[in-house]
Each structure stands twice: as C-alpha cells, then as structure tokens.
Amino acid sequence: MPTPQPRRTPGPRGEPFAVLDPATGEAFDEAPDQRPDELDAIVDRAHDAWRDWRADPVARTTALFAAADAVEAAGADLAPLLTREQGKPLAESYAEIARTAARLRYFAELDPAPQPITDGRPVRTELRWRPLGPVAAIVPWNFPLQLASAKFAPALAAGNTMVLKPSPFTPLATRVLGSVLSAALPQDVLTIVTGREPLGARLASHPGIRHVTFTGSIATGRAVAKGAAASLARVTLELGGNDAAILLEDVEVERIADRLFWAAFRNCGQVCMAVKRVYAPARLYSQVVEALAERAKTVVVGPGIDPGTQLGPVSNAPQLDRVERCTAQALADGARAAAGGHRLEGPGYFFAPTILADAPSGSPVVTEEQFGPVLPVLPYGRLDEAVEAANGTGFGLGGSVWGTDLDRAEAVADRLECGTAWINHHAELSLAQPFAGIKDSGVGVAGGPWGFYGNLRPFVVHRPEEA
Ligand code: NAD
C-alpha cells in the first residue's frame, strides 16, 4: 500500500505546493510552484548578469568569500529547516552547511591560469580558459545544500551564472540559502527556482543554458541529457550508485564494523555513494551479519531535530514505499532479516534499520539502488567471485575493500570498475578530489580542479613570433 500523504491535491500551476516534514508526515510549509515559462526571463537575466560577473575575477573571489561567511553566519537558521524538510539529524545538517561554506572558499581560490603551448613551431599559442555562460543546476533531496554548493561553487568561481532548481521535496533550505547568498553576490548571478515538473525538464532544455549539471536518478539523468541535446549544452550527470564493500579474509570485523555500518546507514542510507552491498568471506559471514545487525538494532532512530537521534526518517513517502517494496521482495526471495525488515509504527516515514542475510544475488535489493536504511550482506567463496559480483552491475560510482594487509586490499581495490575505490573506508571525499561515476553512474567530473574546469571552455590564441 502506498504511504498516505496529507499532500493537498495539486492545485493549478502557480499555486504554492506543500512541503512535508518526514518525521511527522505532515505539511509544515509551502514553496512557490514557478511556471516553466517564467524561465525565459530568469535565464535572460542570468545572461545579462554574466557580462559583469565573468569580467572581474578579483571581485568574484571577494564576493564568494563573503558568501561563505554569510552561509556560516546563517547556520542556525538553515540547519533546523534542512532537518525539518529532509529528515537528517541536526548535526548532519550543520555539516552540510559547513561543507557549503568550505566549498565556496575552495573554488574561490582556484585560478584558471593561461597556459602556453609549445610544439616546436615559430608561433606563440596560448590556452586561456573562458566561462560558458548561464549554467542550469538540478539537485535531488538527499543533500540539498551540499549538492547545490557542489554545483554553484565551481560554476560561479569559474565566472558563470546559474539557475538552480532544488527537489520539490526539499525546496525550503535552498531558498533561504539563495537569499543568504544574494546578499553577497550581484543580482541574478545565482537564481533559485522551485516548482513541480516540467520545470526541471524545461530548465535542462532551455536554449539560453550552456551547461546542465544534474544530480539525481539514472532515469531522470537520461531525460536531462536528451533535453540538453536540443541546444547542445554541455552535461554533467551525477547519478545513482550501488557500491559494493568487499571484506577480505584478514579483516578484523569488530574493528571495522562501526565504520562499515555508518558507510551504509548515514543519512538513512540515502547517499549516492553509500555502501549498498557487503560481500563477506564465507568463514566470516555470520560474524559480519551479527556485528552489523547488533548496530542496526541499537542505533537511535527518531526525528532529526531530537539531539539524541542518530538516524532520521526516510526522506519522503515515495522513497519509503520503494525501500519497503525492495525489502519485502528480498524477504519473499528468501532473505532473512537479521535486524529490522519493516516500517516502524507511528507517524512519519520511519523504517527499522535493516540487515538482510542470504538475499539471492538477483534480488532487487542487491541489483538495484535501495537508497534507504537496508543493507544486504552476501557471502563469497573465492575472492574473484566477489570482485566479479561487485563489478557485475550497470552502476559504477564507488566501491571499497576492507582488510588488514593494506597492499593486498589496494590490489583488490584496483580491480573495481568504478570512479572511486576506498580501502577501509567508504564515501570519504575531499573537496580537492575528482568525483566521477562510470557506466550508468555518471558523465563528466565533479570536484577538485577537474570539476572547476568542467565549467570552463578552452579558448586558444595563436599568433606568429614575428609580424
Ligand atoms: P530524481 O532524479 O527523481 O530527481 C532529481 C532532480 O531532478 C529533482 O530536482 C527533480 O525535481 C528533478 N527532475 C525530475 N524529473 C525531471 C525531468 N524530467 N527533467 C529535469 N529534472 C527533473 O532523483 P531523487 O530521487 O531526487 O534523488 C535520488 C537519486 O539521486 C538517487 O538515485 C541517488 O543515487 C542520486 N544521487 C546521485 C549523486 C551523485 O553524486 N552521483 C548524489 C546524490 C544523489
């Protein structure tokens, strides 16, 4: 049965839409439902603002540093609002805000210096980097501020302007963030738009947009790429993941169990690069299942706003339904719930932290992205089988290998077909690191200088040495 929602019947376009608190399932505020045809004027203004914004890198750096300070100063307003609409524990909302400010400062300091090109000919060729123009950003609901900043910080630092659309499930903190930033940035350099579809589709295919940077599901990513093809805008797609963690024979289970558990369950498992499958050697299988189940049974689940909460609700009703369906299917396929396996009674979108043992390898909880507080643990006999299973998927975001002999673990990690492979960790990213999923997990690169240059185009000046 789909989860009942007190959502008011969607009104005619232009009427505000309700935003729900996933800890109660109740509407607590609303956001504007902007019409797709409003985008024409918004993109025009972003284009006009681009003329000045691209021209003065020093003013840009100053403004972005001021923006970072303003974001930090607004933390006490932003964090509770983010928790209220998204569900995550308050400390994690504060972490998103800190990351947003840090990202603004990191990219503000990057400088696309001109590069001479020498190839032995009597010419002076120089590569200079130029911004692209107005960029469209489309963001999901799992890390509304952090993922928005992963888009606007490099794009604006590179001299572009941006129109950014948050998920309709989590528009509020992003709107407040937009007002906070607008005090530090020139008008129309960053515009937040909110609304239901087809607002995102229209933004992705708008002829005035030169780069579409999207984070979300694979299906929507394909639609966005199709839309952007109409104007041949550049696309960067950060899509879903089904990351495997392979435990090696020499792993010390109790030593790594906390880290492994949180690599799967942070933000209620709603992390693109969370551990979504664990492969454990047959000899250690029961011990691994038990260690993870013990943690799943004792973790404090509750409203994110409560100080003791470690795990909040699932962020929205459709996602809760998906997690429930996927778990029920695994149990019907023969899996055993070593912990959880069901929704929690009471209001809100709470699901018991779940460890599934003995799930068949073809069950959707193994082959698809569950994106919730549910983790299958699978046994393996030969290591090659585990590597093959980890790679045997259309996803290619991340993966990890856990063991005591780090050289051996690294040799196994090197065989993973994905964008980032961790050893004895998972989902740890520094701002300076590139982040690029392969296969269905993404197109293009985010993060670090590579993400910065993804917002620039090469411009070459070629002149002879002599007149
Ligand atoms: P989603 O694809 O449903 O929505 C993402 C965004 O796209 C939202 O703002 C949504 O309103 C908008 N949208 C919906 N239809 C659209 C269309 N036709 N054209 C343009 N925009 C449209 O994803 P979601 O459920 O919000 O987020 C969860 C997904 O995001 C998961 O698959 C997760 O793995 C992925 N994700 C990936 C990364 C990464 O960096 N790889 C990071 C976080 C989340």
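The values are calculated or read from the model by the stated rules, or taken from the named source; none is laboratory data. The shown structure was predicted, so the numbers you read here are calculated from the model rather than taken from an experiment. Note: ideal-geometry Cβ built from the backbone for every residue, glycine included; neighbour counts use all protein chains shown.
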- Can you find a residue in region 106-126 that is in contact with a Ser or Thr (Cβ under 6 Å, 6 or more places away or on another chain), under 24 Å from Asp52 (Cα atoms) and either buried (at least 24 other Cβ atoms within 10 Å of the Cβ) or in the same structural domain as Val224 (by TED's automatic domain parsing) (or both)? yes
- Counted residues in region 430-467 being assigned to a loop (DSSP other than H, G, I, E, B) and at pLDDT 95 or above come to 13
- Item | Leading residue by the ranking (farthest from the ligand (Cβ to nearest atom)) among those in region 438-467 that are of a type in the set (A, V, I, L, M, F, W, C) and surrounded by 16 or more Cβ atoms within 10 Å (Cβ to Cβ) | Leu456
- Query: Residue check: is Ile209 more than 13 Å from the ligand (Cβ to nearest atom) and buried (at least 24 other Cβ atoms within 10 Å of the Cβ)?
  - Reply: no
- Listed by first then second residue, the pairs whose first member lies in region 255-268 and is closer than 19 Å to Gly304 by Cβ, whose partner is among the charged types (D, E, K, R), with beta carbons under 8 Å and at least 6 positions apart or on separate chains, are Phe261/Arg295; Ala264/Lys276; Arg266/Glu92; Asn267/Lys88; Asn267/Glu92; Cys268/Lys88
- Query: Which one of Val366, Val377, Val387 is in a helix (DSSP H, G or I) and over 23 Å from the mean Cα position of the chain (by Cα)?
  - Reply: Val387
- Item | Hits in region 56-86 - residues which are in contact (Cβ under 8 Å) with a residue 24 or more places away in the chain and farther than 30 Å from Gly308 by Cβ | Pro57, Arg60, Thr61, Ala63, Leu64, Phe65, Ala66, Ala67, Ala68, Asp69, Ala70
- Task: Given the conditions (1) of a type in the set (D, E, K, R); (2) away from the ligand (no atom under 15 Å from the Cβ); (3) outside the structural domain of Leu260 (by TED's automatic domain parsing), report the number of the one that Glu428 does not fulfil.
- Result: (2)
- Message: Out of the residues in region 394-419 meeting the condition of being surrounded by 17 or more Cβ atoms within 10 Å (Cβ to Cβ) and over 18 Å from Leu247 (Cβ atoms), tell me which one is nearest to the chain's Cα centre (by Cα).
- Response: Leu397
- Every pair of residues 6+ apart whose Cβ atoms lie under 7 Å, when the first sits in region 398-413 and is closer than 16 Å to Pro281 by Cβ while the second is assigned to a loop (DSSP other than H, G, I, E, B) and among the hydroxyl-bearing types (Ser, Thr, Tyr): none
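Quick grid of which residues meet (1) among the small types (Gly, Ala, Ser); (2) farther than 24 Å from Phe143 by Cα; (3) buried (at least 23 other Cβ atoms within 10 Å of the Cβ):
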{"site": "Asp321", "(1), (2), (3)": "no, no, no"}
{"site": "Ala330", "(1), (2), (3)": "yes, yes, yes"}
{"site": "Asp333", "(1), (2), (3)": "no, yes, no"}
{"site": "Leu344", "(1), (2), (3)": "no, no, no"}
{"site": "Ala352", "(1), (2), (3)": "yes, no, no"}
{"site": "Asp358", "(1), (2), (3)": "no, yes, no"}
{"site": "Ser361", "(1), (2), (3)": "yes, yes, no"}
{"site": "Val366", "(1), (2), (3)": "no, no, yes"}
- Message: Could you check region 146-191 and list, in sequence order, the residues that are surrounded by fewer than 24 Cβ atoms within 10 Å (Cβ to Cβ), part of a helix (DSSP H, G or I) and within 14 Å of the ligand (Cβ to nearest atom)?
- Response: Gln146, Leu172, Arg175
- Item | Of all residues in region 267-283 being charged (D, E, K, R) and under 15 Å from Cys418 (Cβ atoms), the one that is nearest to the ligand (Cβ to nearest atom) | Lys276
- What is the one condition in (1) surrounded by fewer than 15 Cβ atoms within 10 Å (Cβ to Cβ); (2) within 24 Å of Ile256 (Cα to Cα); (3) among the aromatic types (Phe, Trp, Tyr) that Trp422 does not satisfy? (1)
- Message: All but one of (1) outside any helix (DSSP H, G or I); (2) over 21 Å from Asn142 (Cβ atoms) hold for Gly348; state the number of the condition that does not hold.
- Response: (2)
- All but one of (1) in contact with a Lys or Arg (Cβ under 9 Å, 6 or more places away or on another chain); (2) closer than 23 Å to Ile218 by Cβ hold for Phe350, so report the exception by its number. (2)
- Which pairs do you get when a residue that is at pLDDT 95 or above, found in region 215-231, comes within reach of a residue that is among the small types (Gly, Ala, Ser) and near the ligand (Cβ under 6 Å from one of its atoms), reach meaning Cβ atoms under 6 angstrom, with the pair 6+ apart or on two chains? Ser217/Gly240; Ile218/Gly240; Val224/Ala204; Gly227/Ala201; Gly227/Ala204; Ala228/Ala204
- Note on the structure: Flagged in region 212-246 as of a type in the set (Val, Ile, Thr) and either near the ligand (Cβ under 7 Å from one of its atoms) or within 21 Å of His426 (Cβ to Cβ) (or both), in numbering order, are Thr215, Ile218, Thr220, Val224, Ile246
